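Report on the structure given below.
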Amino acid sequence: MTKATQEPEKPSVAGLWEEFKASGDAGIRERLILHYSPMVKYVASRVGARLPRSVDLNDLASYGIFGLIDAIDKFEPERGFKFETYAINRIRGAILDELRALDWVPRSVRSRARRIETAMSELSHKLQRAPTEEEVAEAVDMSIADLRDALAEIGRSGMVALDELIGDSQTSFGEMIADPTAVSPEAEYQAEETRRGLIEAINRLPDRERRVVQLYHYEGMTLAQIGEVLGVTESRVCQIHAKIMVSLRNRLTDTAWS
């Protein structure tokens, strides 16, 4: 086949973005969705890794597609931000929103989570630091083993993911680290204050807990891989991670702890 009879090259992804933002063409939008769909499977698998096995990953991916579509519609390439970073937050948020709407977490798990979180918040006020497991166990009248089992169950439920740390503010952890959607000085100021609070709270954690945050949320390691690094079981890492998330949420939602 000569050059004259060759089919024209397909537009690059950048070209697709340019065409889509200029025309809003549904066909181009579908091509962008298809191109970025592997990202949805990736995020769904990360969220699903924290959930009971009864939760279908295909269902999570279907929820995530709505987040991807929303990201494609709202993304502004001219602002210079990377689409993948922007979209991952939207995809994860769509999945978590649907899980919240389904309210699939057992009531008993929610009840234990509230008891533990309340105790940790009160101890944090009193001690001016993150409490130890022994201190929390005593406060909730549990053995260490029972507390660890409860933390593991809370961790597997996904109730204390970093994306939910900000309560009702609808701001995800990813957006706190890099906030491509801030469009006003007020929003930027709020994001910066939250970011500073998160960094301060992480720095207050014991060395091993800071290491778990670094490996899991910044280096992308699985709980099993972190267990190998720390020389503990995957279940133990899940317990530690759940305790960390409760501690950070308490710190970020309670400005009285300084």
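The values are calculated or read from the model by the stated rules, or taken from the named source; none is laboratory data. Given the structure is predicted, the values throughout are model-derived calculations rather than measurements. All Cβ positions, even for glycine, are placed from backbone atoms using ideal geometry, and neighbour counts span all protein chains on display.
When the residues of the range 113-142 are narrowed to those that are part of a helix (DSSP H, G or I) and of a type in the set (D, E), which ends up farthest from the chain's Cα centre (by Cα)? Give the steps one after another, and end with the answer.
Going residue by residue through the range 113-142, those that are part of a helix (DSSP H, G or I) are 113-127, 133-139.
After this cut, where a residue has to be of a type in the set (D, E) as well, the list is 117, 122, 133-135, 138.
Numbers: E117: 19, E122: 25, E133: 24, E134: 28, E135: 28, E138: 30 Å.
The residue in question is E138.
From the list R110, R92, which residue is closer than 27 Å to L205 by Cβ, in a helix (DSSP H, G or I) and out of contact with any helix residue (DSSP H, G or I) (no Cβ under 7 Å at 6 or more places or on another chain)? Step through it out loud before you land on a result.
On the way: R92 fails: out of contact with any helix residue (DSSP H, G or I) (no Cβ under 7 Å at 6 or more places or on another chain).
None of the other options fit; the residue is R110.
Under the condition of being assigned to a loop (DSSP other than H, G, I, E, B) and within 13 Å of I72 (Cβ to Cβ), which residue from the range 11-27 is farthest from the chain's Cα centre (by Cα)? Give the steps one after another, and end with the answer.
Quick first cut of the range 11-27, residues assigned to a loop (DSSP other than H, G, I, E, B) only: 11-12, 24-25.
Next, from what is left, pick out any that are within 13 Å of I72 (Cβ to Cβ): 24-25.
Working: G24: 30, D25: 31 Å.
Result: D25.
Are there any pairs, at least 6 apart or on different chains, whose C-beta atoms fall under 6 Å, with the first in the range 37-51 and under 12 Å from I88 (Cβ atoms) and the second in a helix (DSSP H, G or I) and of a type in the set (K, R), and if so, which?
V43/R92
Would you check if V55 is surrounded by 13 or more Cβ atoms within 10 Å (Cβ to Cβ) and modelled with pLDDT under 90?
Values: surrounded by 13 or more Cβ atoms within 10 Å (Cβ to Cβ): yes; modelled with pLDDT under 90: yes.
Yes, satisfied.
Which residue pairs have Cβ atoms under 7 Å apart, sit 6 or more places apart or on different chains, and have a first residue in the range 56-70 that is over 15 Å from H35 (Cβ atoms) and a second that is of a type in the set (S, T, Y)?
So the pair list comes out as L57/S45.
W257 fails exactly one of the following numbered conditions: (1) modelled with pLDDT of 80 or more; (2) of a type outside the set (G, A, S); (3) touching a His at 6+ places or on another chain (Cβ under 8 Å). What is the number of that condition?
Condition (1) is where W257 drops out.
Quick check: is even one residue across the range 72-87 within 30 Å of V140 (Cα to Cα) and either buried (at least 17 other Cβ atoms within 10 Å of the Cβ) or outside the structural domain of E138 (by TED's automatic domain parsing) (or both)? I'd like the intermediate steps shown before the answer.
Here is the first cut: in the range 72-87, the residues within 30 Å of V140 (Cα to Cα) are none.
No, every residue in the range 72-87 fails to be within 30 Å of V140 (Cα to Cα) and either buried (at least 17 other Cβ atoms within 10 Å of the Cβ) or outside the structural domain of E138 (by TED's automatic domain parsing) (or both).
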